[in-house]
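Asks: Got a structure here, written out as C-alpha cells. Questions coming.
Every number in this text was worked out from the coordinates using simple rules, so none of it is lab data. Worth saying up front: this structure is predicted, and the values here are computed from it rather than measured. Cβ atoms come from the backbone with ideal geometry, glycine included; neighbour counts cover every protein chain shown.
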Amino acid sequence: MARFYRFAVSSALLLQSLACASPEPCLNGLCQFTRNKLASRTVASELGPQLSANCNIYGPDDTEFGSCTARYDPFFTPKIQMVVQPASEEDVPKIVQYATANNIPFLAMARRHGMTSTLSEFDGMQIDMSLLDKIEIQPDGKSVVLGGGVFAKNIMEKLWNAGYVTSSGSTSCVGLLGPALGGGRGRLEGFYGVVSDSFLKLNVVLANGTAITVSETEHPDLFWAMKGAGHNFGVVTSLEMKIYPRGVDTWYYKTYIWTQDKLEAVFQASNDFHNDGNHGGHHLQEMAFNMGSYTIIPDISETEGVIFWSFVYRGSKEEAQPYLDAFDAIEAVSSEEGNVPYPEIPGVSGTGMNSALCDYGLNHVHYPAGLKVWNVTTQRQIYDLYNEKIRQYPEFQRTTVNMEDYSHEGVDAIDPDTSAYPWRDRGLLSFIAVTYDPNPSLDAAAIAWAQETRDLWNAGAPDLLPSTYVNYAHGDESVESMYGYEPWRLEKLRGLKAQYDPDNLFSYYNPIIPNQNPRSTAEENFSKGRSIGARSRGRGQ
Ligand SMILES: Cc1cc2nc3c(=O)[nH]c(=O)nc-3n(C[C@H](O)[C@H](O)[C@H](O)COP(=O)(O)OP(=O)(O)OC[C@H]3O[C@@H](n4cnc5c(N)ncnc54)[C@H](O)[C@@H]3O)c2cc1C
C-alpha cells in the first residue's frame, strides 16, 4: 500500500507539471510509431492504472530513480528513461505489451551488475524486477520457486536455514537470473552443474507480451535456449529450481597471500591440483572452488601485486588437507582458515556483500578467457604487465586479474548438447577487471590493458578456440566465442529468435542478432532491430 501511495503521489506531482513540460499528445495505441520518447509521467498515467497496487513507475525527476538505476559498473551504462517496478508476475505482460505498442525499448534488470558493452546501446524502460523476490520451498523438499528478481545472498541464506542448497553465482550481491540465463558459474557446480542445470521450469514473458511456461515438456527448444542464451528470449517472472539437502554444517576455507616470486610454484601446484584440466576422479566435488587474483595490497606494496588465493571445501579441514599440502608448502606472506556455514563462505573468500567486489560505482573494464590449464609462462607475462600498468597508472591500483577454478564433475556429467551453455570443457575461467573511479581520460588505456591481458591468455592456449563466458563478455567478442563454434548451436538459436522474438527486442545483452547501430537513438535501434528480425525470418533462421 505504501508503494501505491508513492506512485499515486509521484503521478499527481508529475501530472501537475505536465503543463510546463511537453507532453506527447497521443492517445494510447493511436500513434505507436512515434511514441518511444514518452515522458515517464505519461507512462505513469497510462500504464500505471493497468498495474497492481504496489507497482512503481519512476522518472528521472523522482528521488527513487537514482537508487533504482545505480549501476555496479558505470563504464557501460544503459540509458534509462524510466523505471517500472512490477509488483506481481501478472504486471509483466502488461508492461511488455505497453512498451511494445509504444515502441519503447525495455530491459529487465535485477541487481544491475550486467557489465557488457552491448548494454550501452539500450535507451528505454528499465523493468526493475527487484520486487519479485519470493523464495518458496516446495512441500516435497525437492524444488524452490523463485521470483525473477531474487539474488544470491537471499537464496543461499533462506535455503540453508531450511536445510537445503541450490546453485547460484558465487557472489552474494549478484542476481540469480543474470548469471543463470548465461549458464551461471558457482561453488556448487562440481555437484549440480552450472546454475541453469538445476532449472525445472521458467515462467517467461515473450516479446509479444504473452506469458508462457517453458520446461522439458513445454516449449522444450526454448527451455534449451534459456539455459545459456536466455537473455535473448524473454523476461523471466519466476522459475522453479531443484534444491538439494544442504549436507555438512560447515565448509572449510583457506586463503593465502603469496609474493610474486612464488608465482611459478603456485600455478604449477594449481595445474597438478586439477590434473592439467582432466578433473575426472582427481579434482573432487568437495574441493568446490578456488579462485586467485593478482591484486595490490597497499600494506605490502603499492606498486607490486601479490597473489591472493582462496580455496573452499565442502567438509572439514582434515578432509581438505591432502589437496592443500602442495599449497601449504609454498611459503606465504600470510594465510587464514576456518569453518563456516555455506552462506558465510562468500564473506570469507572475498565475494560477500561487504567485500570490495560488491562495491557499486567503479569502472571495471574487463575481458575474459576460458582455459583448461594455466600456462605458467603466460601467467608470468600477465603478472609483469600488471605491475608495469600499475606503475604507469596509479589510478588503476584497484585492478584485479582473476583466475577461477571450479570443481567440474557436475558440469561434465551433463550432455553438452542439452543446453545452450557451450563451454563445459573449460574448467578455468579468467578475467581482468581494470578498476578505477570513472574518468574518461583513462578509458582508452584501461581497454588496451584489458585486451592485451585477454590476448595473452588466448595466445598461451594455442590449441583452444577463444571462448567467452557470456556473463563475463566485454561485448565485442564474436557470437561464436560466446554461444559456441559448432554451427548447429547458432542456427538453432537464430531459428528460435525468429520464432520467439522476431523483432529482436531482446538484443541488449550480448545479442545473438546484434543491434547494429551502437549508441544510436532508441528509435534507430528499435527499427534496426525490427529489420534484423525481419531479415532473419526471411532467411528462415
Ligand atoms: C561482482 C560480480 C560478481 C559476479 N560473480 C559471478 C558468479 O559468481 N557467477 C557468474 O556466473 N557470474 C558472475 N558475475 C557475472 C554476472 O553473471 C553478470 O554480471 C550478470 O549479468 C549480473 O546479473 P544481475 O542481475 O546482477 O545484473 P542485471 O544488470 O540486473 O541483469 C543482467 C541482465 O540479465 C538479464 N536479466 C536479469 N534479470 C532478468 C529476468 N528476470 N528476466 C530476464 N532477463 C533478466 C537482462 O538481460 C539484464 O540485462 C559477476 C559479476 C559481477 C559484477
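Asks: For the range 222-237, take each phi angle, set θ = phi - 60°, evaluate the Karplus expression 6.51 cos²θ - 1.76 cosθ + 1.60, and give the result in whole Hz per residue in order, putting x for glycine and proline.
Replies: So the Karplus estimates, Gly and Pro as x, are 5, 4, 4, 5, 5, 9, x, 10, x, 4, 8, 10, x, 9, 8, 8 Hz.
Asks: By per-residue mean of other Cβ atoms within 10 Å, what is the highest-first order of 65-71, 131-137?
Replies: 131-137, 65-71
Asks: Report, by chain and number, residues whose modeled amide H sits under 5 Å from the one on THR399, excluding near sequence neighbours (fewer than 5 apart, same chain).
Replies: For THR399, whose amide H was placed from the backbone, the distant partners under 5 Å are THR435.
Asks: So how far apart, in nm, are the two label points at LEU362 and ASP417 if each is 7 Å from Cα heading toward Cβ?
Replies: Here the answer is 4.5 nm between the modelled labels.
Asks: How large is ³J(HN,Hα), in whole Hz, for each residue of the range 485-491 in order, when computed from phi with the Karplus curve 6.51 cos²θ - 1.76 cosθ + 1.60 and θ = phi - 60°, using x for Gly and Pro?
Replies: Calculated HN-Hα couplings, in order: 8, 5, x, 4, 5, 5, 4 Hz.
Asks: Volume per residue, Å³, of the convex hull around the alpha-carbon atoms of the range 93-164?
Replies: It is 109 Å³ per residue.
Asks: So what is the relative contact order for the chain, in percent, with contacts set as C-alpha pairs under 8 Å and at least six apart?
Replies: Reported relative contact order: 15 percent.
Asks: Let me know the shape class of the range 343-400, please: from the alpha-carbon gyration tensor, a ≥ b ≥ c as square roots of the eigenvalues, rounded when a/c is under 1.5, otherwise prolate if a/b is greater than b/c, or oblate.
Replies: Since a/c reaches 1.5 but b/c is at least a/b, the shape of the range 343-400 is classed as oblate.
Asks: After finding the eigenvalues of the alpha carbon gyration tensor for the range 73-122, what semi-axes result from the square roots of 5 times each, listed largest first in whole Å?
Replies: 22, 13, 8
Asks: Continuing with the same structure: Based only on the alpha carbon positions, what is the Kirkwood hydrodynamic radius of the range 126-241, in angstrom?
Replies: Radius from the Kirkwood sum: 14.0 Å.
Asks: What are the radius of gyration and Dmax of the range 438-485, computed over its Cα atoms and given in Å?
Replies: Looking at the range 438-485, its Cα Rg and Dmax stand at 12.5, 38 Å.
Asks: Follow-up. Can you give me the long-range amide H partners of SER407? Hydrogens built in the peptide plane at 1.01 Å from N, cutoff under 5 Å, separation of 5 or more residues or another chain.
Replies: For SER407, the qualifying residues are GLY190, PHE289, ASN290.
Asks: Sticking with this one: I'd like to know how the chain sits against the 2.2 N^0.38 Å rule of thumb: what's its Cα Rg over that expected value?
Replies: 0.97
Asks: While we're here: Using a/c under 1.5 as the rounded threshold, could you call the range 43-97 rounded, prolate or oblate? The axes a ≥ b ≥ c are square roots of the C-alpha gyration tensor eigenvalues, and prolate needs a/b larger than b/c, oblate otherwise.
Replies: It comes out prolate by the Cα gyration axes.
Asks: Which order, highest average first, do 265-274, 104-113 follow once you tally other Cβ atoms within 10 Å for each residue and take the mean per peptide?
Replies: Ranking, from highest mean packing down: 104-113, 265-274.
Asks: What nm distance separates the two modelled labels at ASP443 and ASN275, each placed 7 Å from Cα along Cα→Cβ?
Replies: 4.7
Asks: Separate question: Largest first and in whole Å, give the semi-axes of the range 59-202's equivalent ellipsoid, each being the square root of 5 times a Cα gyration tensor eigenvalue.
Replies: Each semi-axis is the square root of five times an eigenvalue, giving 28, 17, 14 Å.
Asks: I've got another one for you. I need to check one value: relative contact order of the range 39-89, counting alpha carbon pairs closer than 8 Å and at least 6 residues apart, in percent.
Replies: Rounded, it is 45 percent for the range 39-89.
Asks: Return the equivalent ellipsoid semi-axes of the range 340-443 as a descending list in whole Å, where each equals the square root of 5 times an eigenvalue of the C-alpha gyration tensor.
Replies: 29, 20, 14
Asks: Per 10 Å bin from zero, what fraction in whole % of the C-alpha pairs of the range 405-476 is there, up to the bin with the longest pair?
Replies: Values per bin, smallest distances first: 15, 41, 28, 13, 3.
Asks: For the range 140-204, just say rounded, prolate or oblate: build the C-alpha gyration tensor, square-root its eigenvalues into a ≥ b ≥ c, call rounded for a/c under 1.5, and beyond that prolate if a/b exceeds b/c, oblate if not.
Replies: Note, shape of the range 140-204 comes out rounded.
Asks: When the Kirkwood radius is taken over all Cα pairs of the range 188-345, what Stokes-Einstein diffusion coefficient follows at 25 °C and 0.890 mPa s, in µm²/s?
Replies: Value of D from the Cα-based Kirkwood radius: 132 µm²/s.
Asks: Still on this structure, please answer the following. Can you list which of the chymotrypsin sites (Phe, Trp or Tyr not before Pro) found in the range 327-396 are DSSP loop residues with at most 14 other C-beta atoms within 10 Å?
Replies: Listed in order of number, the matching sites are TYR360.
Asks: Using modelled backbone amide H atoms (1.01 Å from N, in-plane), which distant-in-sequence or interchain residues come within less than 5 Å of PHE106's amide H?
Replies: The answer is MET125.
Asks: While we're on this one: If I take R0 = 35 Å and measure r between the Cβ atoms of ASP463 and ASP325 in this structure, what FRET efficiency does the formula 1/(1 + (r/R0)^6) give, to the nearest 0.05?
Replies: My answer for the efficiency is 0.70.
Asks: What nm value, rounded to one decimal, do you get for the distance between GLU452 and ILE212 when each label is placed 7 Å out toward the C-beta?
Replies: Here the answer is 4.9 nm between the modelled labels.
Asks: What are the ³J(HN,Hα) couplings of the range 214-221, residue after residue, when phi is run through the Karplus curve with 6.51, -1.76, 1.60 and θ = phi - 60°? Round to Hz, x for glycine and proline.
Replies: These are the phi-based 3J(HN,Hα) values: 10, 7, 4, 10, 10, 6, x, 5 Hz.
Asks: Could I get the Rg over Rh figure for the range 262-341? Both from C-alpha atoms, Rh via Kirkwood, rounded to two places.
Replies: Rg divided by Rh gives 0.98.
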